[in-house]
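No value in this document is a laboratory result; all are computed from the given coordinates. Here the structure is a predicted model, which is why all the values come from computation and not from measurement. Cβ: placed from backbone, ideal geometry, glycine included. Neighbour counts: every protein chain shown.
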Amino acid sequence: MTNVQTSLQKFDSNLWGHHFPIPEDIARLFIEGNNRRVICRVNEVHSMQCALMPSSEGYFLLINKLLVTKLGLTVGEKVTLKLEKDNSEFGHEVPEVLSAMLEQDDEGRTYFYKLTPGKQRTLIYLVGKVKNVDSQLSKGLAILQHLKEEKGKLDFKKLNILIKEYNQRLKLM
């Protein structure tokens, strides 16, 4: 584990928002090939799984606006980060519901594992961002059904329509 003193910054961009600059020499301690995933603990209060992103001045870690607000941080505020290598399979905690589905659905699991790590994390996040187990189940079923229907190709427009259909079914139960 490595401690880093940095500050909250904000890009002047519509694409990127709040971030923590990380010196290149520290970032290099955690980068293995294309794997730049780390677990970052902010001010001993909140842990998050994220990726070291390259920039012209070194590297940075993104933090979303909701978390900035929750932690009461302001731009320019000094923070202490504790970084450690994220050795988890997906770089994101997998909800139990999705994990069970992947164990039971051979075809869905095959397509899921053929996706890029970033797409896998996106789908894991979609399921995990809702806390209600029934909603997680509904989203997980829709995702696996979509992967099977599309032979492993992700079409987020179609996926969102299917998720809405599954959510409607859940409401009718």
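In the chain, with Lys and Arg counted as +1 and Asp and Glu as -1 at Cβ, which of these residues, Ile63, Leu141, Ile26, has the Cα nearest the positive end of the dipole, that is, farthest along it?
My answer, from the dipole projection, is Leu141.
What is the distance, in nm, between label points placed 7 Å from the Cα along the Cα-to-Cβ direction at Lys164 and at Asn64?
So the two model labels end up 2.1 nm from each other.
How large is the dipole of the stretch 36-132 about the Cα centre if only Lys and Arg carry +1 and Asp and Glu carry -1, each at its Cβ, rounded to the nearest 20 debye?
So the magnitude is around 400 debye.
Ignoring everything except DSSP H segments at least 4 long, calculate the 222 nm mean residue ellipticity for the chain; use -39,500 (n - 2.57) per segment, divide by total residues, nearest 500. Intermediate values should be presented prior to the final figure.
Values: 7 runs with 75 residues, N = 173.
My calculation for the chain gives -13000 deg cm²/dmol from helical runs alone.
Here are a few candidate values for mean projected area of the Cα convex hull in nm²: (1) 11.5; (2) 9.5; (3) 10.7. Which one was actually calculated from the structure I just gave you?
(1)
With each label point set 7 Å from Cα along the Cα-Cβ vector, what nm distance links Arg41 and Ser13?
If labels sit at Arg41 and Ser13, their model points lie 3.0 nm apart.
Would you mind counting up the charge near Gln49? Only other residues with Cβ under 10 Å from its Cβ, with Lys and Arg at +1 and Asp and Glu at -1.
On the way: positive: Arg37, Arg121; negative: Asp86, Glu93.
Taking every Cβ under 10 Å from that of Gln49, the sum is 0.
With a/c under 1.5 counting as rounded, go ahead and sort the stretch 1-69 into rounded, prolate or oblate using the C-alpha gyration tensor (a ≥ b ≥ c being the square roots of the eigenvalues; past the cut-off, prolate if a/b is larger than b/c, else oblate). Don't jump to the answer; show the numbers that get you there.
Details: a/c = 1.62, a/b = 1.18, b/c = 1.38.
Here the stretch 1-69 falls in the oblate category.
State to the nearest 20 debye the size of the charge dipole of the chain about its Cα centre, where the only charges are +1 on K and R beta carbons and -1 on D and E beta carbons. Mind dumping the intermediate values first?
Values: 25 positive and 21 negative charges, 105 e Å.
Computed charge dipole of the chain: roughly 500 debye.
Round to the nearest 0.05 the FRET efficiency obtained for Arg28 and Val133 when R0 = 45 Å and r is the Cβ-Cβ distance.
Values: r = 41 Å, r/R0 = 0.90.
Once the sixth-power term is evaluated, E becomes 0.65.
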